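Heads up: the structure comes next, in structure tokens.
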Amino acid sequence: MGLVATSAKGIATRRELLDAGVSSDEISHRLDTGALLLEYPGVYRVGHRAPNFESSYMAAVKACGDGALLSGMAAAYLWGLVKGKPPPREVTAPKKRKVAARWSPQVCRNGAQRKGIPVTTVPRTLIDLAPRLNEDQLARACHEAGVLHKTTPAMVERLLGQNTPGSKKLHAVLRGDAQVLLSKLEKRFSERLKAAGLPLPLTNKLAGGRRVDCRWPEHNLTVELLSYTFHNSRYAWEQDQRRQREAYERGDEFRTYTWHDVFDAPEQMMRELVELLR
């Protein structure tokens with residue numbers, strides 16, 4: 001029994017226990033003694049109810065049967081696309097179940113594994129988030145998807161139907177048509193520009209197939225804002241070099257500014273921008 005549950009966040013179904021050689025009488029005895037704790041009909045937690053959102057998510061998925069996937073905000077949290085407290089359990093199942101929040105065979109074809117839990121893929125999860133989040137929140141989730149999982153706008157748009165709830169908003173975010181600021185760094189940079197009376201850039205918009213932080217097309221200028229959180233790996237460094245080459249290829253000047261440039265010592269940065277944005 002231990003091996004069955006250990007591989008599934010301490011969660012086991014009745015069928016799994018029977019297949020592992022645990023008899024019906026033994027299951028009943030362990031329920032009576034507290035060695036098994038009932039989560040859903042036919043779904044048990046082994047040993048204790050200590051708070052554990054992953055075990056809670058796994059129990060909900062198992063309760064919905066084969067092919068069920070963690071979905072919605074719970075899936076977004078598991079992928080790291082949204083922050084804060086773990087959202088309530090939410091599952092999409094290929095067959096109608098009393099405990100499933102949603103029934104959709106189509107969605108359940110877009111499944112993956114995250115921390116051993118069956119979950120909707122990152123592109124599918126972003127589509128589920130679209131009607132629930134505002135533009136800034138959705139843009140942040142799309143940004144996290146790109147940074148953490150290398151999810152591209154094309155991957156999402158391949159799954160996005162024309163009449164899908166939130167599709168217009170998600171298209172706008174993916175294509176950069178929505179003017180959004182993703183971070184404190186971008187917001188402070190924008191405040192610096194406004195205070196100096198300089199024109200504001202297009203932000204997080206596609207240029208040459210890649211999303212760039214800030215671009216002034218009429219001034220042929222691209223600016224990338226570098227925070228250590230998202231630019232501290234070899235992959236991020238290589239992407240930054242590629243962005244620079246692509247900016248030069250489209251005829252842009254290219255500048256990078258850091259948290260220190262924007263928050264602590266902006267004088268040189270502002271002198272450069274005044275010269276470039278005249």
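The values are calculated or read from the model by the stated rules, or taken from the named source; none is laboratory data. This is a predicted model, so every value here is computed, not measured. Glycine gets a Cβ as well: all are built from the backbone with ideal geometry, and neighbour counts include every protein chain shown. Surface areas here come from the heavy atoms of the whole protein model, side chains and all, with no ligands, DNA or RNA. Shrake-Rupley method; radii C 1.70, N 1.55, O 1.52, S 1.80 Å.
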Original post:
Can you name the residue in the range 243-278 that is free of Cβ contacts under 8 Å to residues at least 12 places away in the same chain and among the acidic types (Asp, Glu) and is also nearest to Ala195 (Cα to Cα) among such residues?
Top reply: Glu267
Subject >> Positions within the range 79-93 being farther than 17 Å from Cys108 by Cα and more than 8 Å from the chain's Cα centre (by Cα), in sequence order >> reply: Lys83, Gly84, Lys85, Pro86, Pro87, Pro88
Original post:
Does the range 109-143 hold any residues that are touching a Ser or Thr at 6+ places or on another chain (Cβ under 8 Å) and more than 30 Å from Leu206 (Cα to Cα), and which are they?
Top reply: Gly116
Original post:
From the residues in the range 97-127 that are more than 25 Å from Pro153 (Cα to Cα) and outside any strand (DSSP E or B), which one is modelled with the lowest pLDDT?
Top reply: Ala100
Original post:
Can you find a residue in the range 185-206 that is assigned to a loop (DSSP other than H, G, I, E, B) and modelled with pLDDT under 85?
Top reply: no
**OP:** May I ask you to list the residues in the range 144-164 that are of a type outside the set (A, V, I, L, M, F, W, C), open to solvent by 30 Å² or more (accessible area, probe 1.4 Å) and part of a helix (DSSP H, G or I)?
**Re:** His149, Pro153, Glu157
**OP:** Please state which one of Gly10, Gly72 is modelled with pLDDT of 95 or more, touching a helix residue (DSSP H, G or I) at 6+ places or on another chain (Cβ under 9 Å) and buried (at least 18 other Cβ atoms within 10 Å of the Cβ).
**Re:** Gly72
Subject >> Verdict on Gly65 being at pLDDT below 95, under 20 Å from Thr121 (Cβ atoms) and either exposed (fewer than 15 other Cβ atoms within 10 Å of the Cβ) or in contact with a strand residue (DSSP E or B) (Cβ under 7 Å, 6 or more places away or on another chain) (or both) >> reply: yes
**OP:** Sort through Leu38, Leu31 and tell me the only one that's among the aliphatic types (A, V, I, L, M), assigned to a strand (DSSP E or B), farther than 21 Å from Gly166 by Cα and open to solvent by 50 Å² or more (accessible area, probe 1.4 Å).
**Re:** Leu38
**OP:** Kindly indicate whether Val22 is assigned to a loop (DSSP other than H, G, I, E, B) and not aromatic (Phe, Trp, Tyr).
**Re:** yes
